[in-house]
1. Per the Kirkwood definition applied to all pairs of different Cα atoms, how many angstroms is the hydrodynamic radius of the stretch 8-305?
2. Enumerate the residues in the stretch 100-134 having an amide nitrogen under 19 Å from the point lying 7 Å beyond the Cα of residue 261 toward its Cβ.
3. When 380, 281, 135 are ordered from fewest to most other Cβ atoms inside 10 Å of their Cβ, what list results?
4. Using a 7 Å offset from the Cα along the Cα-to-Cβ direction at both residue 115 and residue 75, what is the distance between the two label points in nm, to one decimal?
5. Please compute the modelled spin-label separation between residue 311 and residue 357, points set 7 Å along Cα→Cβ, answer in nm with one decimal.
6. If you stretched the chain out fully between residue 41 and residue 336, how much longer would it get, using 0.36 nm times the residue separation minus the C-alpha to C-alpha distance?
7. What whole number of Å gives the distance from the Cα centroid of the stretch 414-430 to the Cα centroid of the stretch 53-71?
8. What Kirkwood hydrodynamic radius do you get for the stretch 300-369 when you take the inverse of the mean 1/r over all pairs of distinct Cα atoms, in Å?
């Protein structure tokens, strides 16, 4: 499989080892050389219209076949396994047409490795990575088995009829009752001693760019039966057929794919995975172990990335955080304004002073744009700063912006960042943080103002006495893995080179008024040196 080299990182989470990667597996950008662009343009004008025409014709032939399967049957009969001529004749006819369909789309060669287990041995097939809607080609070597799909797909012309044809299990992700019914239907089918066909599931639940396996949904593993992992590979033209929720769109995918002479696909059936009693009792563990097994076979990391609602997130310790730290997103937005991250870091001294000077710490968007030397009227500036504007007054909390930038800047030690954060949120300079102040501090460091940090606060003494001095705050991030991993695995992953920043404008280090990071004067009027943690 053609994959780019990934920078991997492992950290311990109990007895497990979780891998994470630099980059966002939910985003894929197609980059073509000039030669490839010319090739796609020339071939596309010939192959694309011909293949699209043949594809439409085959779909139109499949449509009446899918309708014929249930013609004259009652609702009760449709809910039972199809038998007789409706099964052996129409199934063979539909399979042949599906193979022809992928052939005319350019999949002239589909290589199959391994042995597909029968339904009595593995009632469920789990397929990964799910990187394109064209992954449905796996249905050909699997014999058009039943699939688990979103209920929205039933409304797609012809596709919806094909889902009904093979008696697919459909689920509404937003409806808890639908998810419960889906699990009950799955249990009924897998316990029917092979009367139903196998159920094929994409356990990632969404498409990715294929450079890592995201966290498997536990739904396919709740029934606790043996599953057979199935791997999809595209040895050639891989970059032309991936489609993710963000990046290239379906039109581009079709154009790139149908403009190639051919596209190869490899389907590999791995050995059946039989769960232990512990895995049967813990579907999340079952899903995680199958994910890691498939990741090893693919040679890619098994990550904790997943979708929370419509937002891609990753689990770091006890928290579910956006795949990319907010400061990284801000960095990209800074580039659009014409101002790079380096320029903002160079002005950080003035921003820190402003945070210490203003009791309310809140500025209008225009005031903050002026501090950053950005044109306030520019749309990119508004897109950059608006996420930091919280509350009904629409003001920006400058502390959140500053700490978010420093949290990902490796030229600042973690110790110094925490000291500065403590100063910002220690209301009244009382020498300790309350639970609310500590919550806002964490939210600012992670650039997640709406993040629920109640679970991770349970690891601190705040659950008992509601006071957290600076020394204990720093010790938390040094000694407790769930806190330490926020920096080492998320904000500042290992293998990432620190930015080469220059001193602040006054040339006197990280404090321009003779005040250290905690508001205390240092011996020579400058901040303490950048210390490293163990």
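Bear in mind these aren't lab numbers, they're just calculated from the coordinates by the rules spelled out. Fair warning: this is a prediction, and the values are worked out from it, not measured in the lab. We place every Cβ from the backbone using ideal geometry, glycine too, and count neighbours over all the protein chains shown.
1. 20.3
2. Hits in the stretch 100-134 for residue 261 at 19 Å: 103-111.
3. Going from least to most buried by this count: 281, 380, 135.
4. That separation, rounded to one decimal, is 4.3 nm.
5. Placing both labels 7 Å beyond Cα along the Cβ direction yields 3.4 nm.
6. Length gained, residue 41 through residue 336: 103.2 nm.
7. A separation of 66 Å, based on Cα centres.
8. Here the Kirkwood hydrodynamic radius works out to 15.0 Å.
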